[in-house]
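Below you'll find the structure, written out as structure tokens, and then a few comments.
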Amino acid sequence: MRPIHLMDLDAAIRVVWHLSETEQPKRLTQIVTSAQIADRYRKRLRKPHPQFGTGTLQSAAGVGQLPANPCDRHYRRCLKDLLTIL
């Protein structure tokens, strides 16, 4: 997986913040795995993965919804879960 930036973390959280607490870690793990697959694909074939992008969390996550308040407790819990997975 490529280096992780703040926008990568935010993009992944935007995808999962509306899911249930039991579904969030599963989806975050899928995003991280997709980014790893995409990065290996990009390195080997020198082009982005057709489904997962360029190997960043942001490209693997795709487009998510903006939380109403990105600094609320729920957002921070999602961030903690993502950092634990990484």
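One table, with the values for the structure above:
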{"quantity": "Dipole magnitude (debye, nearest 20) for the chain, charges at Cβ of Lys, Arg, Asp, Glu", "calculated": "440 debye"}
{"quantity": "Cross-link reach list, aspartates and glutamates versus residue 80, counting only Cα pairs under 17 Å and skipping chain neighbours closer than eight places", "calculated": "8, 10, 21, 23, 72"}
{"quantity": "For the chain: accessible area per residue (Å², 1.4 Å)", "calculated": "64 Å²"}
{"quantity": "Listed values (1) 138; (2) 77; (3) 97, entry calculated as volume of the Cα convex hull per residue in Å³", "calculated": "(2)"}
{"quantity": "Positive-end residue of 16, 50, 61, charge dipole of the chain with Cβ unit charges", "calculated": "50"}
{"quantity": "In degrees, nearest ten, helix 6-16 long axis to first principal axis of the chain (Cα)", "calculated": "70 degrees"}
{"quantity": "Estimated vicinal HN-Hα couplings, Hz - region 74-83 in sequence order (Karplus 6.51, -1.76, 1.60; Gly, Pro = x)", "calculated": "5, 4, 5, 5, 4, 4, 4, 4, 5, 5"}
{"quantity": "The chain - percent of accessible surface contributed by carbon and sulfur, probe 1.4 Å", "calculated": "56 percent"}
{"quantity": "Cα long-axis angle, helix 23-45 against the chain (0 to 90 degrees, to the nearest 10)", "calculated": "20 degrees"}
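The values are calculated or read from the model by the stated rules, or taken from the named source; none is laboratory data. Being a predicted model, the structure only gives us computed values, none of them experimental. Virtual Cβ from ideal backbone geometry, glycine too; neighbours counted across all protein chains shown. With ligands, DNA and RNA removed, areas are computed over all heavy atoms of the protein, side chains included. Shrake-Rupley method; radii C 1.70, N 1.55, O 1.52, S 1.80 Å.
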